[in-house]
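For reference, the structure discussed in these notes is given below.
The values are calculated or read from the model by the stated rules, or taken from the named source; none is laboratory data. Model, not experiment: these values are computed from the prediction. As a convention, Cβ positions derive from the backbone with ideal geometry for all residues, glycine included, and neighbour counts pool all protein chains shown.
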Amino acid sequence: MGSRFQNYFDREFQIDLFDDKTMGFKLIKIIFGSISGSIHIMDSGNWSSSIVFCRMKSDTISGGNFFQIDSIIPGNIKIFASKFDYKTTCIDTFLENGGSLNLSGIPLWPGQNDYYTNFESGDSEFTGSGDWQLAEIYSGPGGAYSGNLAWSTNPEGNYTSGLNTHSLETNVFSLHNMAVPALEIYHWYDIENGYDGANVKISDEYGQVWQILHPSPDYPVENLTDEFNNPLAGEPVYSGNSGGWKKIAFNLSGFKNWPFVKFRFDLGVDEQKSAAGWYLDDFKIFDANATEVFDNPYLPIDKTLEVTVFPNPANPTTTFSIITNYTTEVTIIIFNINGQVVKKARLSPEANQPVKWQWQGYNRLNNLVASGIYFARIESLHQSVVRKIILIH
């Protein structure tokens, strides 16, 4: 096989393959672009403090009515505009290489960022992998919680066994103008008890780092067994049988300052038995502080989880210092930028008593990992935090 190649951009090239076949390609230099525009408040209110956000860059409007965001990577982009007491507006568009966009009069309507779907009108921009699908339900609970359609890991039978994580990922949501943001969803499950499990995770709009969300009440299984190498081993999960459709609730107060969030529903299975699976319906995000509930289960819990990692960068050893104001078990999970688990540890700190753990740069097979960026997820009974670690050696 021969080739002809030039070491600069914006040129077309040709690779000569076997059997007189050729393949053409073109190198294109990525040139950042920009977006600009203005906000239109639909009730004639003040546009001050409106925020426009795109690809981890933002502009807060403090004077005038205009925004400008530079150094945007070209391609398909989502642009979000938000303001307290107004619903977030999302615009899907395309930015040319080195181009600029002007978006005048992005509308912001008064109201809360509450959201509800029972999936009767479609998938609501949820995306399933593995066995997840939106369909009429004939197996498991025998029907959806409301209407005819629900998401499930198999609407007509058992989920597929084999080392795998079946994941259902939501669209992006904003929690900006909620005092006590909360997530509610109805679920039904029949999952191989103690060996397979399911849980809910949260991330920013890019979905690169996921944290476990803890419901109220918490998961019935605190640590899924690793006997058969289940992908969710060591994580808190739903396992066994729910005993019917049940409402589960999550306090999202710890995430309301994030620009945007998305959720993922994971079912981790091993190579042994399977069962009817996990079914989801009636997804709702709302401000729990605005509801007239005497005993509000979503009010923030007065719990703290403080974590420091030093030194960072690590060469290659670093020490985790953890302190909580309640007695709990803490799990540390270190994973690489591809989301693969590198190392796990479990600690049992007493209330207000610091505990330390060292990571010396080795994985679970006791091999020294490569230099680079890693993430550590530290989870207690009530909270979860993430720390970025730079490893050099």
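Among the residues in segment 120-134, are any assigned to a strand (DSSP E or B), of a type in the set (A, V, I, L, M, F, W, C) and closer than 17 Å to Tyr279 by Cα? Checked against the condition, which is being assigned to a strand (DSSP E or B), of a type in the set (A, V, I, L, M, F, W, C) and closer than 17 Å to Tyr279 by Cα, segment 120-134 yields at least one hit.
Can you run down the residue pairs with Cβ atoms below 7 Å, 6 or more apart or on separate chains, where the first is in segment 360-380 and among the hydrophobic types (A, V, I, L, M, F, W, C) and the partner is surrounded by 21 or more Cβ atoms within 10 Å (Cβ to Cβ) and assigned to a loop (DSSP other than H, G, I, E, B)? Qualifying pairs under 7 Å: Leu368/Gly361; Val369/Gly361.
If you filter segment 162-192 down to residues that are small (Gly, Ala, Ser) and crowded, with 17+ Cβ neighbours inside 10 Å, you find that the one that is modelled with the lowest pLDDT is Ser174. In segment 65-118, counting only strands (runs of 3 or more DSSP E) that sit wholly within it, the ones holding 2 or more residues that are more than 11 Å from Ile35 (Cα to Cα) and within 20 Å of the chain's Cα centre (by Cα) span 75-83, 86-95, 115-117.
Tell me, please, whether a residue that is assigned to a strand (DSSP E or B), loosely packed, with under 14 Cβ neighbours inside 10 Å and under 24 Å from the mean Cα position of the chain (by Cα) can be found in segment 355-371. For segment 355-371, residues assigned to a strand (DSSP E or B), loosely packed, with under 14 Cβ neighbours inside 10 Å and under 24 Å from the mean Cα position of the chain (by Cα): absent.
Of all the residues in segment 178-196, those that are in contact (Cβ under 8 Å) with a residue 60 or more places away in the chain and over 20 Å from the mean Cα position of the chain (by Cα) number 8. Taking the criterion of being buried (at least 19 other Cβ atoms within 10 Å of the Cβ) and part of a loop (DSSP other than H, G, I, E, B), the residues of segment 232-241 that qualify are Leu232, Ala233, Glu235, Pro236, Ser239. Take the conditions of a type in the set (Phe, Trp, Tyr) and at pLDDT 80 or above and apply them to Phe84. Does it pass? So Phe84 fails the test.
Is it fair to say Asp114 is touching a residue at least 60 places away in the same chain (Cβ under 8 Å) and closer than 30 Å to Phe53 by Cβ? Spelling it out, Asp114 is indeed touching a residue at least 60 places away in the same chain (Cβ under 8 Å) and closer than 30 Å to Phe53 by Cβ. Considering the conditions (1) modelled with pLDDT of 80 or more; (2) in a strand (DSSP E or B), Phe13 is excluded by exactly one of them, (1).
Taking Gly254, is it under 18 Å from the mean Cα position of the chain (by Cα) and assigned to a loop (DSSP other than H, G, I, E, B)? When the stated conditions are applied, Gly254 does not pass them.
Assigned by TED's automatic domain parsing to the domain that holds Pro155, free of Cβ contacts under 8 Å to residues at least 60 places away in the same chain, on the phi > 0 side of the Ramachandran plot and not in a strand (DSSP E or B) - does that describe any residue in segment 33-45? So far as segment 33-45 goes, no, none of its residues is assigned by TED's automatic domain parsing to the domain that holds Pro155, free of Cβ contacts under 8 Å to residues at least 60 places away in the same chain, on the phi > 0 side of the Ramachandran plot and not in a strand (DSSP E or B).
Residues being more than 24 Å from Asp123 (Cα to Cα), crowded, with 22+ Cβ neighbours inside 10 Å and either at pLDDT 85 or above or not assigned by TED's automatic domain parsing to the domain that holds Asp281 (or both) are represented in segment 196-217 by at least one member. The set of residues in segment 142-158 that are hydroxyl-bearing (Ser, Thr, Tyr) and either surrounded by fewer than 24 Cβ atoms within 10 Å (Cβ to Cβ) or more than 24 Å from the chain's Cα centre (by Cα) (or both) comprises Tyr145, Ser146.
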